[in-house]
Every structure is written in C-alpha cells, then in structure tokens.
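The values are calculated or read from the model by the stated rules, or taken from the named source; none is laboratory data. All values reported here derive from a predicted model rather than from experimental measurement. Here the Cβ is made from the backbone with ideal geometry for all residues, glycine too, and neighbour counts use every protein chain on show.
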Amino acid sequence: MKKLVIIPAYNEEGGIEKTVQDILSNAPDFDYVIINDCSTDQTLAVCEKNGFHVVNLPVNLGIGGGVQTGYLYAWQNGYDIAVQFDGDGQHNARYLDEMADKLINEHLDMVIGSRYIKKEGFQSSGLRRFGIRYFTGLIRLVTGKKITDPTSGMRMVGRDVIGFYAKNYPKDYPEPESVVTILKNGKKVEELPVQMNAREEGVSSISPRKSVYYMIKVSLAILIAAFRR
Amino acid sequence: MSLKIQIIVAVVIVLALAGIANMVRKEALDLKFALSWLAVGVIVLILDIFPGIMNYLVSLLGIELPVNMMFFFGFCFTLLLVFTLTVKVSKQAEQLKRLTQTIALLEENIRKGAEVKSKDE
C-alpha cells in the first residue's frame, strides 16, 4: 500500500527540515512530497540543500491550489492513501500510522487529526476555539455529522477522495468546506485524537483582520457546498 | 441638444471606434471582447445623430430627462460588463491554477528522471 504525506509549504524555511525529519523517523512507511508554493524565503534552498523531495509551483496558488497539487501528485503516482501535514512543526508524524490503521480498518474515506477530542496539547487561542466550535455546529447542521476539529490541516484520505480532491478543491481556507463536500457525497469521515504543537515558525495565514472575512467566507462556502450535488 | 455638442460627441465616438478597430487589427484586443464596445459606440452614435429616437424612447418609458435614460442604461451596461469580467476572471484563475499545477508536476517528473539517469551512469 502506497502512502504519501503532502506538505504544503509557503515560507517555511525554519520548520521544513524538522518536519521532514519527523516524518522520516516517525512514519517511515510514508513517502512525502513538499509543495513549495512559490515561497519568497529560503524554503526552496533549504529543501535543495537537504535533497528533499519537492514540487515547485512556479506561481503562488495559495493553500488550496498547493494542497491540490499534492493530491494530483498522489493520484498520478498511484497512491492509496494521502495525508496533509503542515510544514511548520504543528503536526506530529507519530500519529500517521495510527491514522492509516483507522482509515483502513474502519473502511473510512477520511480521518482527521483532532485536537479537541482529548483536549490535549496545543489548543489554540480562546477566540479561535470559539470560531472552530461554531464551524463544528454549522457542519453538524448541514451534514448531521459532528466534526470536532474542522479546521485541522492534518487529514488523511483514501484513493477515492484523492481523486475527488485532485478534481475539485477549494482555493482558499479549504479545510471546513472540503470536509462538507465529501460528507455530502456520502463519504465516511472520522476523527482521531492527536496533540498538536504551538506554531514554532512562520505566522498563521489568518490574521485578526482577516478572521471576519474568514468566518463569512467559510460559512457561505459550507452552505453552498451543502446544496451542491 | 445643441448641434455643437452633437458634433463633438460624434467625433469622439468615431475616434474611439477607430481606436478599437485599430487595436483589433493589431491584435492587441480580441474581437470577441471588442464587439460589445463597438456595439455601444454604434448605438450611442445613432442616438447622437438622430436625437428623435432618444426623445421617443424617453417618452415611451416615462423618463423625464433624456440624460437620465443615458445614465440608467449606461450604468446597467457597465454592471453587466463588470460582472461578465468577474466570471471570466474566475474561469481564468481556475485555468491558471491547473496550468501551474501541471507545470510543477511535469518539472518534478523531469527532475526525477534526470536523477535516475545520472545514478545509472
């Protein structure tokens, strides 16, 4: 069974080495690919120096287009399982085997690494938690499914969903919307408790000023996804 | 409308039409996109030369001043045009994204092929 870790990286020169080391030592069964989304810092140089496996986007596409490139790669290269994994040290590779086992044994289409089942590790700030809880409620309302961590960027999918995401993936702020889309298509999604770390490197793509726009845009996207067939 | 203004408007429009036609000729502007602008130019030119049409339309629609009708239709046309462009931009963003992804993956493929080859040698 071929398994791939997709690492979207935009200006992650400080965290990318550690991330790859973490995967190589804690999830050796997985291949990995870094999607360098036209970083303006030394991300590419760091990758080349270390001989990391990297796909270089010639134009900045944003998180959605970047991650989708990873799914395209997984689809074209016959991977059975693909998992998204942040390049900034927030995620821990030691959970990847457990996630894959859950995906296979329970015949699921997606397994999300959730911070909010056991409520251990880094829990994000209060206001963000509130926003995440709101999305949990909204997704439950439109799909009937409780996703405790809908903004988690740590998510593993099977071959079906790889193909689906290779074709359609939201451009910006894709996490909550893409879960709703596949739930609406009758796919099975479950969560696995994980611990995440506070961001060590880089800055969040969602600044306070953008968060209002984020809430409105993602809410609308979820509602539209709920009515799309 | 005074004859003087009529002539000025006609000259401006004819110049604009000629300019658009010239851009199409030099392939700086796609005929497909120039068409709507050419149509607007021709319509305004006709209304300018035959003000009777305008007065008739104004009384027909119950609009008090001819100039209000111009503003109204001008505004509607602009909205439509801007919206069409927004749709176009969305589509092109999608196409651009696909192109970028395809190039990136091809480039990776070539690099991988070159590495395998250099190892073989």
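Quick notes
- Entry remark, region A:136-173: residues being among the aromatic types (F, W, Y) and assigned to a loop (DSSP other than H, G, I, E, B) number 2 in total.
- Residue among A:D88, A:D101 that is at pLDDT 95 or above and away from chain B (no Cβ under 11 Å): A:D101
- Test: residue in region A:10-29 that is in a strand (DSSP E or B) and within 14 Å of chain B (Cβ to nearest Cβ): no
- Elements of the type helices (runs of 4 or more DSSP H) sitting completely within region B:5-121 and holding at least 1 residues that are modelled with pLDDT of 90 or more and away from chain A (no Cβ under 14 Å): these cover B:31-49, B:66-120.
- Inclusion of A:C38 among residues that are within 14 Å of chain B (Cβ to nearest Cβ), of a type in the set (A, V, I, L, M, F, W, C) and assigned to a loop (DSSP other than H, G, I, E, B) is warranted.
- Residues in region A:8-22 that are in contact with an Asp or Glu (Cβ under 6 Å, 6 or more places away or on another chain) and among the acidic types (D, E) were compared, and the one that is nearest to A:G153 (Cα to Cα) is A:E12.
- The residues of region A:44-57 that are within 14 Å of chain B (Cβ to nearest Cβ), surrounded by 15 or more Cβ atoms within 10 Å (Cβ to Cβ) and part of a helix (DSSP H, G or I), listed by number, are A:L44, A:C47.
- Any hit, region A:23-32, residues being under 22 Å from A:G158 (Cβ atoms) and aromatic (F, W, Y): yes
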